[in-house]
């Protein structure tokens, strides 16, 4: 290691620190041996998600043609010379070699979807450090899901639908093969029957556009001019009016449907594009799912999504284009393992078959929430307020958050006939009753 380089460290195990010094000293020698410029400006040790990395920063202004320095074969040779340490290129500006010093962590083979779903979020799975990965419905309007038969794609789609129902959302489903969404047939959260043909899928997407139109009219009637569904729901809740549920639209076998109806330039593709830019504002979220996307279709799909979840696929080229490189190398013996363009590798949540039974398919209410609702029905005739909830031992900030969440879900509304105070709605009464009896909810509107 020359005088011009430095090794910046955070608390690291001594073994990894010594290894980092050895690698930092050896890298310039390996470059010189290959008649390449060892223009390193610094070496940095970092820890992320339980792993320790050495980052070697190369001054790209000193090396001229960059192609040799970023060639995959060259990275493989460096890894071999460094006793097999994995080496990656960073996405940062310039050339940075990221060298994994710690052992590669392993993802679990199976993680069951939790029984409760947090309001406003979609749980994806777990990362290497067993942390739960999730996205906000508000910030992630549209999602692409790819995967070959047996890769875990269908189970992941089922988990998304279960979570949407638990969150009080409405659903529109397309299942051409009629193998993925059978458990949801005739469910009260459905806005239309499950589409089982390309033409029915087209009609389902048109229904989504019609729902955008209906919601646009409702937004226009508000003098406050809401710009998104969260703002609209907050306004109508203050006036004691019914809030709008979000809608999850899942088009399984999207590539086959688009191909059958004319491909990437068809009327369906154009309608999907319209839904893409309109849906987010009105709380309509779209999922494109397929075993693979052809080049004709890939562009129109990729431009619409904010998250891609890629299970085992056949084409490395397609995985790269969806920013999920490595998905083609996932073993057939690892169902549920996926590469995402936002989180990297993730073990997605597994859905037990029992979770697809009717009694599990209604909105999620935590035990503490149920206790508060039961107490309100018993003691305050269903009335709920911040002072009431705090008198029952809940902190004021948490009470405010709960009330806002319940209003958004249509569980409590202000009653103009009773001093505009918040009261539990018949909708919530029905959900509570159905959770106790184990029956399907009669209405999720």
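Read the figures in this text as sums done on the coordinates, not as results from a lab. Note that the structure is a prediction, hence the values are computed from the model and not measured. Methodologically, a virtual Cβ is constructed for each residue, glycine included, from the backbone with ideal geometry; neighbour enumeration extends over all protein chains shown.
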(message) Could you sort the peptides 165-173, 195-203 by per-residue average Cβ neighbour count (10 Å cutoff), highest mean leading?
(response) 165-173, 195-203
(request) Pull out the extension gain between residue 418 and residue 203, defined as 0.36 nm times the separation in residues minus the alpha carbon to alpha carbon distance; nm, one decimal. (result) 73.1 nm
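Out of the DSSP beta bridges found with both residues in the chain, what percent are antiparallel (nearest 5)?
The answer is about 60 percent antiparallel.
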(message) Give me 412, 236 sorted ascending by neighbouring Cβ count inside 10 Å, so fewest comes first.
(response) 236, 412
(request) Please give the helix 267-279 orientation as an angle from the longest Cα principal axis of the chain, in degrees from 0 to 90, rounded to the nearest 10. (result) 80 degrees
(message) If each residue of separation counts as 0.36 nm, what is the full-extension length gain between residue 314 and residue 67 once their alpha-carbon separation is subtracted?
(response) 86.2 nm
(request) Mind sorting out which of [x] 32, 27, 22; [y] 40, 23, 21; [z] 47, 28, 20 is the real semi-axes √(5λ) of the Cα gyration tensor in Å computed from the coordinates? (result) [z]
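Rounded, prolate or oblate: pick one for the range 95-170, where a ≥ b ≥ c are the square roots of the eigenvalues of its C-alpha gyration tensor, a/c under 1.5 means rounded, and failing that, prolate if a/b is larger than b/c, else oblate. Spell out each step's value before the answer.
Numbers: a/c = 1.90, a/b = 1.72, b/c = 1.10.
In terms of gyration-tensor shape, prolate.
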(request) With label points built 7 Å along Cα→Cβ from the Cα atoms of residue 77 and residue 390, find their separation and express it in nm. (result) 6.9 nm
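What is the calculated FRET efficiency for residue 433 to residue 273, with r their C-beta to C-beta distance and R₀ = 30 Å, to the nearest 0.05? Can you show the working numbers first?
Values: r = 42 Å, r/R0 = 1.41.
The value I calculate is 0.10.
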(message) Quick check: the distance between the Cα centres of the range 78-140 and the range 335-396, to the nearest angstrom?
(response) 26 Å
(message) Once you place label points 7 Å from the Cα toward the Cβ at residue 398 and residue 139, how far apart are they in nm?
(response) 2.4 nm
(request) Using Cα centres only, tell me the gap between the range 275-289 and the range 178-219 in whole Å. (result) 13 Å
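Highest mean first, what order results for 207-220, 181-194, 336-349 on Cβ atoms within 10 Å? Walk me through the numbers on the way to the answer.
Numbers: 207-220: 15.1, 181-194: 16.9, 336-349: 21.9.
Result, highest mean first: 336-349, 181-194, 207-220.
Given R₀ = 51 Å, what would the calculated FRET efficiency be for residue 221 paired with residue 329, taking r from the Cβ atoms and rounding to 0.05? Intermediate results must be reported in sequence, preceding the final value.
On the way: r = 53 Å, r/R0 = 1.04.
In this case the efficiency is close to 0.45.
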(request) Pop a pseudo-label 7 angstrom from the Cα along the beta-carbon direction at both residue 178 and residue 370 and give the gap in nm to one decimal. (result) 3.6 nm
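Taking the highest mean first, how do the peptides 245-255, 321-331 order by number of other beta carbon atoms within 10 angstrom per residue?
Values: 245-255: 24.3, 321-331: 17.6.
Result, highest mean Cβ count within 10 Å first: 245-255, 321-331.
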(request) Relative to the longest principal axis of the C-alpha atoms of the chain, give the angle of the C-alpha long axis of helix 153-166, reported between 0 and 90° and rounded to the nearest 10°. (result) 40 degrees
(message) Under 10 Å, Cα contacts only: if you run a Gaussian network model on the chain, which one of 276, 333, 125 comes out with the highest mean-square fluctuation?
(response) 333
(request) Could you state the angle between the C-alpha long axis of helix 229-238 and the longest principal axis of the C-alpha atoms of the chain, as a value from 0 to 90 degrees rounded to the nearest 10? (result) 30 degrees
